[in-house]
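First up is the structure itself, then whatever we jot down about it.
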Amino acid sequence: MKKLFLIPILTLSILLSAQTTGLKAGAYFGFPIADASDVSSFNLGLDISYLFFEPVNNLKIGVTTGYSHYFGKDVDIPGVHYKVKRKDFGFIPLAVTGEYKFAGQFFAGLDLGVAIATNNDYDTGFYYRPKVGWDQEFFQLFIYGTGISQSGSDLFGSVGVGGAYKF
């Protein structure tokens, strides 16, 4: 429960410290890959980012968080004539984010951090999300791949498309 309490605090602090640029809120839709594809049919997520540091031209660095929800799918039980519905599960990423804007309107980005599991069936793990997309003054459209490495050999992730509104 303490983990879930961090999200509103982080979001509020980002909103209060945001200037007119650097704050983004977005949503995405994806298809599970790796171990997540065994138990989930699709993935939806929301995120909020604040890019506040520009060490060199066209490179911005900041923080990001959000929520990524994986919808459980029906799984056949070998030797039995029925299916079992897997439970939905989710992760709360807390990460450093960076974006490099290329000549024109295209960018490449990377999020690195941790993903906190929201239920007891999964562990908190290392989180990464590379993305590439099209950047405009007030919005972005992108494609992404997400990975969450857990203890042992489990790897959860998704690939998909998303968009973000830039404040």
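One line per residue, one yes/no per condition, for (1) farther than 17 Å from L51 by Cα; (2) small (G, A, S):
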residue	(1), (2)
Y82	yes, no
R86	yes, no
G90	yes, yes
P93	no, no
D111	no, no
T118	yes, no
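The residues listed here are D135, D111; of these, the one that is within 18 Å of N43 (Cα to Cα), under 19 Å from the mean Cα position of the chain (by Cα) and acidic (D, E) is D111.
Applying the criterion of being open to solvent by 20 Å² or more (accessible area, probe 1.4 Å) and of a type in the set (F, W, Y) to the residues of the range 72-123, the residue that is nearest to S153 (Cα to Cα) is Y122.
Of everything in the range 33-46 that's part of a strand (DSSP E or B) and open to solvent by less than 20 Å² (accessible area, probe 1.4 Å), which residue is nearest to E99 (Cα to Cα)? In this case the residue turns out to be G45.
Out of the range 148-159, which residues are surrounded by fewer than 19 Cβ atoms within 10 Å (Cβ to Cβ) and part of a strand (DSSP E or B)?
S149, L155, V159
The values are calculated or read from the model by the stated rules, or taken from the named source; none is laboratory data. The structure presented is a predicted model; accordingly, all values stated were derived computationally and were not measured. Every residue, glycine as well, gets a Cβ built from its backbone with ideal geometry; the counts of neighbours run over all protein chains shown. Protein only, heavy atoms only, side chains kept; ligands, DNA and RNA dropped before computing areas. Shrake-Rupley method; radii C 1.70, N 1.55, O 1.52, S 1.80 Å.
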